[in-house]
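The values are calculated or read from the model by the stated rules, or taken from the named source; none is laboratory data. Please read these numbers as outputs of a predicted model, since none were measured by experiment. Backbone-built Cβ (ideal geometry, glycine too); neighbour counts: all protein chains shown.
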Amino acid sequence: MPPAPGPHPLVALVTGASSGIGEATALRLAREPGARLVLVARREQRLRELAQALPVPATYIAVDLVEDDAPARVLAHVEEHHDRLTLLVNNAGSAWRATFAEGGWANVHRTMEVNFDAVVRLTEALLPALRASAPSAIVNVASTAGRVARAGAASYSASKFALAGWSDGLYAEEAAHGVHVGLVLPGFIATEGFPQTELRAKRATRWLVSTPERAAEAIVDAGLRGRAERYVPRGYALAAAARVLVPGLVRRVLSGGSASIMTTRTGADAAEHQAGTPVD
Ligand SMILES: NC(=O)c1ccc[n+]([C@@H]2O[C@H](COP(=O)([O-])OP(=O)(O)OC[C@H]3O[C@@H](n4cnc5c(N)ncnc54)[C@H](OP(=O)(O)O)[C@@H]3O)[C@@H](O)[C@H]2O)c1
């Protein structure tokens with residue numbers, strides 16, 4: 001593990017800062033001495049309100065990270081408002097639940113676009129600034145679903161498996177350049193995008209659901225304290241270990257009907273249902 005303390009003075013860019021884990025991360029990072037923040041997401045008003053509420057200097061840029069010009073726009077914003085970038089938190093992400101037979105390649109494609117391609121493209125644009133500001137760090141927010149896949153969430157798992165694998169390789173590549181790469185793998189966290197309503201409704205499963213603040217603390221562990229990998233809560237590491245050590249058992253459990261409660265409906269599903277525009 002690299003020596004503490006982490007990158008200072010802290011200039012941190014958080015994607016997906018308009019809600020959930022990203023918002024909690026911005027609030028948590030604002031407690032770091034001398035921190036300055038850059039908030040990124042699509043909903044400008046949310047970002048403006050958060051920037052104004054934070055007790056430290058914060059700028060924001062409203063951008064759809066899937067758009068072609070998004071990385072260049074974010075880079076230009078960073079260069080205009082900040083003299084360095086010491087932490088990039090790639091947290092923005094989304095999920096649409098559908099089996100492959102229902103959602104097909106279209107669902108896989110849109111999920112990869114936001115959860116993987118957009119992360120890689122933004123990191124490519126900001127890596128020179130991170131290297132120039134070293135010691136610095138990148139935190140990629142994947143998911144326990146990036147180690148263990150479930151029915152109805154295969155597209156999401158594909159995107160998070162890709163992100164986890166890419167992060168491991170990037171960790172090894174960037175260490176020599178002073179850019180630490182940390183991976184955070186949340187389990188079930190109740191947020192706007194992932195309300196976990198089904199799990200929270202039952203006493204038997206409520207305990208599985210954690211908070212955005214705990215995820216934010218894990219992001220700080222990975223970004224400022226040099227941790228290479230953090231599950232949230234930590235016990236979810238057991239699910240990932242079981243997938244490797246007893247894959248047959250994990251397959252049996254996850255193929256059973258009772259596992260379907262774990263494929264919870266997402267905010268993106270609800271928005272799509274309201275708009276009446278499912279992917280297929
Ligand atoms: N909550 C969980 O149970 C859980 C579990 C494992 C992993 N995760 C991961 O944690 C991350 C944060 O999720 P969350 O639970 O905090 O959900 P959330 O409340 O829906 O937050 C997602 C954030 O991503 C932003 N975003 C989505 N698409 C975007 C796009 N195309 N361009 C720019 N910003 C975009 C959203 O902002 P705008 O809508 O304003 O753009 C929002 O700020 C995601 O990567 C998710 O996959 C969550």
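So which of Ala12, Ala17 ends up being within 14 Å of the ligand (Cβ to nearest atom) and touching a helix residue (DSSP H, G or I) at 6+ places or on another chain (Cβ under 9 Å)?
On the way: Ala12 fails: within 14 Å of the ligand (Cβ to nearest atom).
Testing whether each residue is within 14 Å of the ligand (Cβ to nearest atom) and touching a helix residue (DSSP H, G or I) at 6+ places or on another chain (Cβ under 9 Å) leaves just Ala17.
Take the residues of the stretch 126-163 that are among the hydroxyl-bearing types (Ser, Thr, Tyr) and within 12 Å of the ligand (Cβ to nearest atom): which is farthest from His109 (Cα to Cα)?
Within the stretch 126-163, the first condition is being among the hydroxyl-bearing types (Ser, Thr, Tyr), and the residues that meet it are 133, 136, 143-144, 155-157, 159.
Of the ones still in play, those that are also within 12 Å of the ligand (Cβ to nearest atom) are 143-144, 155-157, 159.
On the way: Ser143: 18, Thr144: 20, Ser155: 8, Tyr156: 10, Ser157: 12, Ser159: 9 Å.
So, considering only residues that are among the hydroxyl-bearing types (Ser, Thr, Tyr) and within 12 Å of the ligand (Cβ to nearest atom), the one farthest from His109 (Cα to Cα) is Thr144.
Residue-wise test of (1) over 30 Å from Trp105 (Cα atoms); (2) away from the ligand (no atom under 13 Å from the Cβ); (3) touching a residue at least 24 places away in the same chain (Cβ under 8 Å); (4) surrounded by 15 or more Cβ atoms within 10 Å (Cβ to Cβ).
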| position | (1), (2), (3), (4) |
| --- | --- |
| Thr197 | no, no, yes, no |
| Asp221 | yes, yes, yes, yes |
| Ala240 | no, no, yes, yes |
| Asp269 | no, no, yes, yes |
| Gly276 | no, yes, no, no |
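Identify, by number, the condition in (1) within 13 Å of the ligand (Cβ to nearest atom); (2) over 23 Å from Arg121 (Cβ atoms) that Ser260 doesn't meet.
(1)
Cβ-Cβ below 6 Å, separation at least six or inter-chain, first residue in the stretch 243-262 and in contact (Cβ under 8 Å) with a residue 12 or more places away in the chain, second of a type in the set (Gly, Ala, Ser) and assigned to a helix (DSSP H, G or I): which pairs?
Val250/Ala242
May I ask you to verify whether Glu79 is farther than 26 Å from Glu198 by Cβ and either away from the ligand (no atom under 12 Å from the Cβ) or part of a loop (DSSP other than H, G, I, E, B) (or both)?
On the way: farther than 26 Å from Glu198 by Cβ: yes; either away from the ligand (no atom under 12 Å from the Cβ) or part of a loop (DSSP other than H, G, I, E, B) (or both): yes.
Spelling it out, Glu79 is indeed farther than 26 Å from Glu198 by Cβ and either away from the ligand (no atom under 12 Å from the Cβ) or part of a loop (DSSP other than H, G, I, E, B) (or both).
What number of residues in the stretch 45-76 are within 16 Å of Ser18 (Cα to Cα) and more than 19 Å from the chain's Cα centre (by Cα)?
So the count comes out to 9.
Could you count how many residues in the stretch 104-125 are of a type in the set (A, V, I, L, M) and either touching a Cys at 6+ places or on another chain (Cβ under 6 Å) or crowded, with 21+ Cβ neighbours inside 10 Å (or both)?
3
In this structure, is Leu183 within 13 Å of the ligand (Cβ to nearest atom) and closer than 19 Å to Gly16 by Cβ? Even if it seems obvious, please write down each step before you answer.
Details: within 13 Å of the ligand (Cβ to nearest atom): yes; closer than 19 Å to Gly16 by Cβ: yes.
Taking the combined requirement at face value, the residue satisfies it.
Can you tell me which residue among Thr99, Thr59 is within 24 Å of Glu192 (Cα to Cα), in contact with a His (Cβ under 6 Å, 6 or more places away or on another chain) and surrounded by fewer than 24 Cβ atoms within 10 Å (Cβ to Cβ)? Talk me through it step by step, then tell me what you get.
On the way: Thr99 fails: in contact with a His (Cβ under 6 Å, 6 or more places away or on another chain).
When all the criteria are applied, what remains is Thr59.
Which condition does Thr191 not pass, out of (1) closer than 23 Å to Ala12 by Cβ; (2) away from the ligand (no atom under 11 Å from the Cβ); (3) not in a helix (DSSP H, G or I), if it passes all the others?
(2)
Considering the stretch 107-157 alone, what residues qualify as being out of contact with any strand residue (DSSP E or B) (no Cβ under 8 Å at 6 or more places or on another chain), part of a loop (DSSP other than H, G, I, E, B), modelled with pLDDT of 95 or more and not small (Gly, Ala, Ser)?
Within the stretch 107-157, Val148 is the sole residue that qualifies.
Considering only the stretch 116-125, how many residues are within 15 Å of the ligand (Cβ to nearest atom) and either out of contact with any Pro (no Cβ under 6 Å at 6 or more places or on another chain) or of a type in the set (Asp, Glu) (or both)?
Going through the stretch 116-125, the residues within 15 Å of the ligand (Cβ to nearest atom) turn out to be 116-123, 125.
Filter once more, keeping what is either out of contact with any Pro (no Cβ under 6 Å at 6 or more places or on another chain) or of a type in the set (Asp, Glu) (or both): 116-120, 123.
Matching residues across the stretch 116-125 total 6.
Of everything in the stretch 85-140 that's touching a helix residue (DSSP H, G or I) at 6+ places or on another chain (Cβ under 7 Å) and aromatic (Phe, Trp, Tyr), which residue is nearest to Ala172 (Cα to Cα)?
It comes out as Phe116.
Looking at (1) within 14 Å of the ligand (Cβ to nearest atom); (2) not in a helix (DSSP H, G or I), which is the one condition that is false for Leu27?
So Leu27 meets the others, but not (2).
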